[in-house]
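Written below as structure tokens is the structure these notes are about.
The values are calculated or read from the model by the stated rules, or taken from the named source; none is laboratory data. This is a predicted model, so every value here is computed, not measured. Cβ coordinates were reconstructed from backbone atoms using ideal geometry, including for glycine residues, and neighbour counts include every protein chain displayed. Surface areas here come from the heavy atoms of the whole protein model, side chains and all, with no ligands, DNA or RNA. Shrake-Rupley method; radii C 1.70, N 1.55, O 1.52, S 1.80 Å.
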Amino acid sequence: MGKQLITLTVNGDEYELAVASHHTLLDVLRNQIGLTGTKRGCTAGSCGVCTVNGERGEAILSCLSLAVEWDGRSVTTIEGIRQGGELHPVQQAFLEYGAVQCGFCTPGVVMSAKALLDVTTSPSEDQINEALAGAICRCTGHIKIKKAVRAAAAVMRDNEARDDG
Amino acid sequence: MLSSQRFRFDGESTDSETTMYPAPFRYHRAGSADEAISLLAELGDGARPLAGGQTLLVWMKLRFDEPTDLVDIARIPNLSSIEHDDHQVRIGALATHGRIAASPLARLIPIVHDCANGIADRQVRSRGTIGGSLAAGDPSCDWPALLHTLDAEVLCQGPDGERTIGIGDFVEDLYATALQEGELVTGIRFALPPARSAGAYVGFKRCAPAYPTASAGVQLTLAEDADTCADVRIALGSAGLTPIHATAAEAELRGQALNETTIERAAEAAVAASDPVDDQRGSPAFKRAMLRVLVRRAVGIAIRRCNGESVEHSHEYY
């Protein structure tokens, strides 16, 4: 069935790629670009470990999107969220609060949380639950994850206040 | 994918051995509805339109469907508007669940928010579209049941031009719709609910990414005395091979005083109209028990909303 040439921007870097039409964004991120931070779990839209952020910062499942659909578009993966060499506040908070057990779901959970906090840094409990509902930790639970998300939100609020001041 | 040797233990495992791919197909991108329709008609019955892909790509990975060609319609302009006037609501086929949930329309008509925001998780709502959910003909999808509740019409465009199909005629059977070869859903429309009318859509799910085990939609119009049901529509999702329009349940309420007895009778009539299948989400008896509760809850929320109360609601979880 041949391959198609696409231009895809990942974490600000532009790639020209020949992709098979039936390969997903996940396949291309991991196998062709070599960014393996985005995990491959169920590959059928149930587990959320493949979550990345689309053009508007929205959380999407890279396993349920064909790479060819992203021609000319940009995505952000877990490798691209550090800010000026520092960990993103969500990443830092996950470290500090031990919000990681085996770590396999972590990139998807972090990208889900980032998508929420990019829209609001004062999320309600319901908003946090809803934003994290599609990326499920199978090891333990979401208590530490939610503590970390709340802490990251506080840091991001402080950063906003500092930037405004 | 299902070979016994999923992992290579003599070296590194590679993605190609552990991932699910759809079967190969040819990919086409349409710039307009006309172009998509011509392509679909020309490519024949192996071709499928691709919108958000949140249903279709799963089906393809599971080999429920093996299209020869996909026609990507997601970039067609002017098919994702969400608008209403004093009489009518119109939603473009490519409007995503997430955009609908966040729209002023969803604040105006809470039952629309119930449905849009209850579908799967944020990730799926970012990509999945109302048109795709409808065209899939899947009784587990939320939009078909909601659109039955609102007595919506489906706007279609095909090789023979445009036509409008009532929701009751659009969904024909399990995974089967009235769409002809080359025909696309371009949008849906329904009447803006009148004064003293409100609805609720309640689903029961195991977890966010799962389809509902069962769901019920109720749109209720109160008479001027505020105690009598002037009109009602009740529809059930995941309750049979198609969404079920529970007319006998409506008859139990229409023109009647709304009280425990009449609401219970309506719930029982709705359950009697259901024909749930036995699957991993539950036995028919379990689903019927859920439907009875869901209809009662949806009626209760609809009454409160009719009376001007703001009731936040979404799907129920285990």
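Other protein chain C-beta atoms within 10 Å of residue C-beta, averaged over A:10-22: 2.
Ordered from longest to shortest, the equivalent ellipsoid semi-axes for the stretch B:197-317 are 24, 16, 10 Å, each the square root of 5 times a Cα gyration tensor eigenvalue. Annotation for the stretch A:3-64: trypsin sites (Lys or Arg not before Pro) lying in DSSP loop with at most 14 further Cβ atoms inside 10 Å of their Cβ are A:R56.
Explain nothing, just the number: dipole magnitude of the stretch B:82-191 about its Cα centre with +1 on each Lys and Arg Cβ and -1 on each Asp and Glu Cβ, in debye rounded to the nearest 20.
600 debye
Listed values for the stretch B:228-241 are Karplus-derived 3J(HN,Hα) couplings in whole Hz (6.51 cos²θ - 1.76 cosθ + 1.60, θ = phi - 60°), namely 9, 7, 7, 7, 7, 10, 10, 9, 10, x, 6, 10, x, 7, and x replaces Gly and Pro. The residue among B:T129, B:P284, A:C47 whose Cα reaches farthest toward the positive pole of the charge dipole of the protein assembly as shown, with charges on the beta-carbon of Lys, Arg, Asp and Glu, is A:C47.
Ordering B:127-133, A:20-26 by mean Cβ neighbour count within 10 Å, with the highest value first, yields B:127-133, A:20-26. Charged side chains reduced to their Cβ positions (Lys and Arg at +1, Asp and Glu at -1) give the protein assembly as shown a dipole of some 1460 debye around its Cα centre.
Tell me the per residue accessible area of the stretch A:89-164 using a 1.4 Å probe; a whole number in Å² is fine.
With the other protein chains kept in place, the stretch A:89-164 gives 50 Å² per residue.
Once you order the gyration tensor axes a ≥ b ≥ c over the Cα atoms, which shape class does the stretch A:58-165 get: rounded for a/c under 1.5, otherwise prolate or oblate by comparing a/b with b/c? Oblate, since a/c reaches 1.5 and b/c is not below a/b. Segment B:V293..B:D45, full-extension length gain: 85.1 nm, with 0.36 nm per residue of separation and the alpha-carbon distance subtracted. When the charge dipole of the stretch A:3-78 is built from unit charges on Cβ atoms (+1 for Lys and Arg, -1 for Asp and Glu) and taken about the Cα centre, the candidate among A:L66, A:V10, A:T38 whose Cα reaches farthest toward its positive end is A:T38.
Within 10 Å of the Cβ of each residue in A:67-74, the mean number of Cβ atoms contributed by other protein chains is 3. Residues whose amide H comes within less than 5 Å of that of B:R29, counting only those at least five positions distant or on another chain, are B:D72 (H built at 1.01 Å from N in the peptide plane).
What is the calculated FRET efficiency for B:E83 to B:D34, with r their C-beta to C-beta distance and R₀ = 25 Å, to the nearest 0.05?
Once rounded, the FRET efficiency stands at 0.70.
Inter-label distance, B:L62 to A:L5: 3.8 nm, where each label sits 7 Å from its Cα along the C-beta direction. Spatially, the stretch A:28-45 and the stretch B:143-213 are offset by 34 Å when compared through their Cα centroids.
For the stretch B:39-64, heavy-atom accessible area (probe 1.4 Å) falls by no less than 10 Å² from the chain alone to the full protein assembly at B:L50, B:Q54, B:L57, B:V58, B:K61. In this calculation the C-beta distance from A:S122 to A:E79 is compared with R0 = 45 Å, giving a FRET efficiency of 0.95. For A:G134, the residues whose amide H sits under 5 Å from its own are B:R122, ignoring neighbours fewer than 5 places away on the same chain, with H placed 1.01 Å from N. Take the accessible area of A alone and of B alone, subtract that of the pair with a 1.4 Å probe, and the total buried over both chains is about 3100 Å².
Take the Cα of B:R90, step 7 Å toward its Cβ, do the same at B:A230, and the gap between the two points is 2.6 nm. Counting Cβ atoms of other protein chains within 10 Å of each Cβ in A:37-45 and taking the mean gives 4.
Of B:L155, B:N117, B:A249, which is farthest along the charge dipole of chain B in the positive direction, counting Lys and Arg as +1 and Asp and Glu as -1 at C-beta? Comparing the listed Cα positions along the dipole, B:N117 ranks first. For the stretch B:197-317, the Cβ-based charge dipole about the Cα centre amounts to some 440 debye (Lys, Arg positive; Asp, Glu negative; other atoms uncharged). Within the same chain, lysines fewer than 8 places from A:K144 are excluded, and of the rest, those with a Cα less than 22 Å from its Cα are A:K39, A:K114. Under the combined filter of DSSP loop state and at most 15 neighbouring Cβ atoms within 10 Å, the stretch B:170-234 retains these trypsin sites (Lys or Arg not before Pro): B:R206. Computed from the C-beta positions of A:D163 and A:A18, the FRET efficiency with R₀ = 51 Å rounds to 0.75. One way to sum up the overall shape of the stretch B:82-191 is the equivalent ellipsoid from its Cα gyration tensor, whose semi-axes run 21, 16, 13 Å, largest first. Residue-wise HN-Hα couplings along the stretch B:205-216, as the Karplus relation 6.51 cos²θ - 1.76 cosθ + 1.60 with θ = phi - 60° gives them from phi, are 10, 6, 7, 3, x, 7, 6, x, 6, 6, 8, 9 Hz; Gly and Pro carry x.
Please report, as a whole percent, how much of the solvent-accessible surface of chain A comes from carbon and sulfur atoms (probe radius 1.4 Å). Here it works out to 46 percent. Restricting the stretch A:72-165 to trypsin sites (Lys or Arg not before Pro) that sit in a DSSP loop and have at most 16 other Cβ atoms within 10 Å of their own Cβ leaves A:R82, A:R138. Here is the P(r) of the protein assembly as shown: all C-alpha pair distances, binned every 20 Å from 0, give 23, 54, 22, 1 in whole percents. Packing, as the average of other Cβ atoms within 10 Å across residues, places the peptides B:138-147, B:26-35 in the order B:138-147, B:26-35, highest first.
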